[in-house]
Amino acid sequence: MTMKSRYLPAASFKFAGNGSEIEGYASVFGERDLVDDVVAAGAYRKSLDALKTAGRPLPMLWAHNQDEVIGSWSELREDSIGLYVRGAINTDVEKGREALALVRKGDLSGLSIGYLVPEGGATRVGKTTYLTEIKLLEVSVVAVPANESARIVLKDFADLGKFADFLQSVGVSRREAEFVARKAWPAITQTETTEPDYQPLADLVKQSTVEMKKLKELFK
C-alpha cells in the first residue's frame, strides 16, 4: 500500500499551558475534498483502537516530511463531526519553534493526515471515492488545505468546557453555555499573546440568551 495524504484545514488550534498545545479536526466526515474523497463516519475506529493498544502517540509532522517531526498528538478520537486531535508542538527543537511561529501568524493554517487505505477500505462511485476504513500514520501541520471545513484557529481558553464555565459564570444556564460554546468556539479564538477582554462577548451572549427566551415564549 502507498501512503497517501489528505489535506483538511483544522477546525481549531489552541494554545494553552506552555503555549504550544493545539487541537482540531484533522478530518471531517461526509465532506468531499479537492481530490473527490469522502471519509465515512467510523473510518478511523480500527486505527485509533490499534494506536491505543500500542500506547504510543501519533507523530505531528511538518507537511508530511518524515525528517521534520515537530511534536506529537496525545489525544485522538472520533465524534459526530470527524477525527478530533490534540497535541503539542515541541519547542525544544528548531523546526518546532519555526512551526509555532508560523501557526501564530496564520501562515500554517491547516491539518493533513498521512494514511493508508486497507484492502476493502474504499469504494469508488463515479468520480468520488468513499473511504470507510483508514489506517492513520501521522497528522501534519500544513499551509495548503483541501477541505475548507476545518481551518486552524488560535485560542486562549484551555478547552470548550472552560469557555462554557466562563459563560455560566456570567449568568448563562449550563445547557445554553455549552450550546453557545460549541457554536461560537472558532469566533472567540484569539492570536494575541496578551489576555483578551471577554466581558463584551459575555454581555452579548447574555443578551442573546434573553432574546432567545423571548422568542421561545412567542412560539409556545
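The values are calculated or read from the model by the stated rules, or taken from the named source; none is laboratory data. Everything numeric in this text was worked out from a predicted model, so none of it was measured. Cβ: placed from backbone, ideal geometry, glycine included. Neighbour counts: every protein chain shown. With ligands, DNA and RNA removed, areas are computed over all heavy atoms of the protein, side chains included. Shrake-Rupley method; radii C 1.70, N 1.55, O 1.52, S 1.80 Å.
Give the long-range amide H neighbours of SER72: residues separated by 5 or more places, or on another chain, with amide H under 5 Å away, using H modelled in the peptide plane at 1.01 Å from N.
MET60, ALA88, ASN90
What ranking, highest mean first, results for peptides 81-91, 50-60 when packing means the other Cβ atoms within 10 Å averaged over each residue?
On the way: 81-91: 21.1, 50-60: 13.7.
For the peptides 81-91, 50-60, the packing ranking is 81-91, 50-60.
In nm, give the distance between the simple-model label positions of ALA122 and ASP107, each being 7 Å from the Cα along the Cα-to-Cβ direction.
3.3
Which whole-Hz ³J(HN,Hα) couplings does the range 128-134 yield from phi under the Karplus relation 6.51 cos²θ - 1.76 cosθ + 1.60, θ = phi - 60°, glycine and proline marked x?
These are the phi-based 3J(HN,Hα) values: 9, 9, 9, 8, 9, 8, 10 Hz.
How do ASP33, ASP92 stack up against each other in accessible area, from largest to smallest, with a 1.4 angstrom probe?
ASP92, ASP33
Would you mind computing the Rg to Rh ratio of the range 59-112 from its alpha-carbon coordinates, Kirkwood style for Rh? Intermediate values should be presented prior to the final figure.
Details: Rg = 11.7 Å, Rh = 11.8 Å.
Taking Rg over the Kirkwood Rh, I get 0.99.
Could you let me know the centre-to-centre spacing of the range 114-136 and the range 71-86, using Cα atoms, in angstrom?
Going from one Cα centre to the other spans 19 Å.
What value in Å³ per residue do you get for the convex hull of the alpha-carbon atoms in the range 36-138?
120
Hey, what's the range 57-97 come to in accessible area per residue, 1.4 Å probe, Å²? Before the final figure, lay out the partial values.
Working: 2070 Å² over 41 residues.
Per-residue accessible area for the range 57-97 comes out at 51 Å².
Starting from the amide H of VAL139, placed 1.01 Å from N in the peptide plane, find each other amide H under 5 Å away whose residue is 5 or more places distant or on another chain.
Amide H neighbours of VAL139: LEU61, GLY114.
Whole-Hz Karplus ³J(HN,Hα) for the range 102-116, in order, using 6.51 cos²θ - 1.76 cosθ + 1.60 and θ = phi - 60°, x for Gly and Pro?
5, 5, 4, 7, x, 6, 10, 9, x, 10, 9, 9, x, 8, 10
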